[in-house]
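Each value in this text was obtained by applying a stated rule to the coordinates, not by laboratory testing. All figures in this text were calculated on a predicted structure; none of them were measured in a lab.
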Amino acid sequence: MIPMHPKKIIALAFVLVLFGFLAPLLMVLKVIETSFALSFLSHVASVSGLLLGIIGAAWYSRRGRS
């Protein structure tokens, strides 16, 4: 596993959650075509971004104490 700084993990999580928000919004506004694959990808990106954000915040908090 490649060691990453917690701030990079939090930034990656933010990008994933942002994609998970913007993709369905653009599908509803009919800017991009709705598809099952894109809906599934946006859901997976949102959930994984949330989990990565929690892990990154916990790691950042723990690293600050030591």
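3J(HN,Hα) along region 13-24, derived from phi through the Karplus expression 6.51 cos²θ - 1.76 cosθ + 1.60 where θ = phi - 60°, amounts to 4, 4, 5, 5, 5, 5, 4, x, 8, 6, 4, x Hz, with x in place of Gly and Pro.
Taking every DSSP helix (H) stretch of at least 4 residues in the chain, weighting each as -39,500 (n - 2.57) and dividing the sum by the residue count yields a mean residue ellipticity at 222 nm of -28500 deg cm²/dmol. Taking amide H as placed 1.01 Å from N in the peptide plane, the amide H of Ile32 sits under 5 Å from that of Met27, each at least 5 places away or on another chain. At q = 0.15, 0.17, 0.27 Å⁻¹, what is the base-10 log of I(q)/I(0) for the chain according to the Debye formula with one equal point scatterer per Cα and no solvent? Please give it to two decimals. Rounded to two decimals, the profile gives -0.53, -0.62, -1.04. Which of these, Ala13, Ala37, Ala45, has the largest mean-square fluctuation under a Gaussian network model of the chain (Cα springs below 10 Å)? With Cα springs under 10 Å in the chain, the top fluctuation among Ala13, Ala37, Ala45 is at Ala37.
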